[in-house]
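Below is one structure, written out as structure tokens; the observations come after it.
The values are calculated or read from the model by the stated rules, or taken from the named source; none is laboratory data. Computed from a predicted model, the values in this text were never measured in an experiment. Because the Cβ atoms are built from the backbone with ideal geometry, glycine has one as well, and the counts that use them run over all protein chains shown. Accessible surface areas use protein heavy atoms only, side chains included; no ligands, DNA or RNA. Shrake-Rupley method; radii C 1.70, N 1.55, O 1.52, S 1.80 Å.
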Amino acid sequence: METKSVVKVGSRKSQLALIQTNTIINQLKKLNPNLSFEVISMQTTGDKVLDAALSKIGEKNLFTRELELALEKKEVDFVVHSLKDLPTALPEGLLIGCIYKRDSPYDAVVMHPSNAGKKLEDLPEGSVIGTSSLRRAAQLARKFPHFKFENIRGNLNTRFRKLDEDNKYSAIILAEAGLHRMGWPDRISQVLDKDTCMYAVSQGAMAVECRNSDPFTLSLLSQIHHPETVIQCVAERAFLKKLEGGCSVPVSAFSEVKDGKLSLTGGVFSIDGKQGRIEYACDSLPESIEEKEKPTVSPNGPREFAGIVGSEKVSIATLEVAQRVGLQVAELLLNTEAKEILANAKAETAAAVIAEKQRKDAEKMKNEAEKPQANGIS
Ligand code: DPM
């Protein structure tokens, strides 16, 4: 096996991405003091397109494509992601080599300074809540039909500035994990429980993507693979994969590993939140979640579950249960009105993608028409 003394790590340039990348590197450094790590940071499409809601851009791997290309070209050895931004199907040859212990998976409310100390239930009718997550808007519209939900984009720093300075939003909704990682826990007014807003699949978990043909990196990453997180994320991602969902549809999840059992609750909502359906499944996990059963390695690389490597830390039997629970919740939903709710939500987002593209094209034409004409005289 090829060994390395310098490991090259790809990252997005945003502050949150760099913090996440450094968290993983620091853990690996502690365990491998002889290794050194070089961070190579780059912008992704998602970082460049800042004016449209994610769901309207109409591409799946917005925040990951450029980084995955660098992996494929061997310019980097691994890339740290928020697992919730990684599509359930990864490019051929790449896989999730580890998932780090999950932080809070819940969503949190950040209030405009004039509402400091308040909760969502204290805000008056017509309050504007900033979020570009269809999942958050749909679920919150069910609880708080008297609010308006409006898009807010940009990285976390930009969103905070927009919230505090634009005086447009009464509050914005963000992942609690991201707020903690950025060092802003004191701006959290309220953490939303599962009855108010179930989280996104894999929210709060960081995943490391690498090449499936790179045993050195795979074995390095396996040191920080976190069994309980892996079990939950395999179930949640298998669920999302079966629904063919992504950030373009309001799909949410809640999972637990407790008393030797794994349970998963999954929800599907209409864009306006008026319709919704929630289903649940639970199964016993094989005795120990830390069984040391070798993963099956085929000529195509290690065995994977919803893109996640089957490692020595979590047995294949356990991951099979997790995958089954995820599929079961998806199947229960698809046997109900959720099937139609989901299809309609997908059609609505697809139409919004086209409308967004037309808006962009019209804007471009307008800008070009307004450009001073070159008259050929120099
Ligand atoms: C995805 C969504 C959002 C991100 C959609 C969703 C939020 C978009 C928005 C798939 N990715 O959650 O329903 O609010 O406009 C993202 C964040 C984190 C990872 C920030 C956030 C940090 C937390 C984590 C953006 N991706 O959700 O507030 O590691 O899970």
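Placing dummy labels 7 Å off each Cα toward the beta-carbon, the span from Ala351 to Glu92 is 3.7 nm.
Within the range 177-201, name every residue whose backbone N is under 15 Å away from a label modeled 7 Å from Cα of Lys148 along the Cβ vector. Backbone N within reach: none found. Ligands, DNA and RNA left out, the 1.4 Å accessible surface of the range 107-192 is 46% carbon and sulfur atoms.
Stretched out straight at 0.36 nm per residue, the stretch from Asn22 to Ser284 would grow longer than its current Cα-Cα span by 90.7 nm. Rounded to the nearest 20 debye, the dipole magnitude of the chain is 620 debye, with +1 charges on Lys and Arg beta carbons, -1 on Asp and Glu beta carbons, and the Cα centre as origin.
The label point for Arg324 and the one for Glu2, both projected 7 Å from the Cα toward the Cβ, are 3.9 nm apart. Ligands, DNA and RNA aside, Tyr280 has an accessible area near 120 Å² when probed at 1.4 Å. Summing +1 for each Lys or Arg and -1 for each Asp or Glu among the other residues whose beta-carbon sits under 13 angstrom from that of Asn344 gives 0.
Based on the Cβ-Cβ distance from Asp186 to Glu244, what FRET efficiency comes out when R0 is 56 Å, to the nearest 0.05?
Taking R0 as 56 Å, the efficiency between Asp186 and Glu244 is 0.90.
Entry note, the range 107-192: relative contact order of 50 percent, from Cα contacts under 8 Å with a spacing of 6+ residues.
Heavy-atom accessible surface of the range 107-192, averaged per residue, reaches 42 Å², computed with a 1.4 Å probe. Counting only complete DSSP H runs, which helices of the chain cover 18 Å or more along their long axis at the Cα atoms and score a mean Kyte-Doolittle of -0.5 or above? Both cut-offs are met by 15-31, 227-243, 316-334. Within the shell of other residues whose beta carbon sits under 14 angstrom from the beta carbon of Ile99, the net charge comes to -1, with Lys and Arg scored +1 and Asp and Glu -1.
For the range 146-168, the residues whose amide N sits under 17 Å from a probe point set 7 Å from the Cα of Gln15 along the beta carbon direction are 153-166. Counted by Cβ distance under 14 Å from Lys366, the other residues give a net charge of 0, where Lys and Arg count +1 and Asp and Glu count -1.
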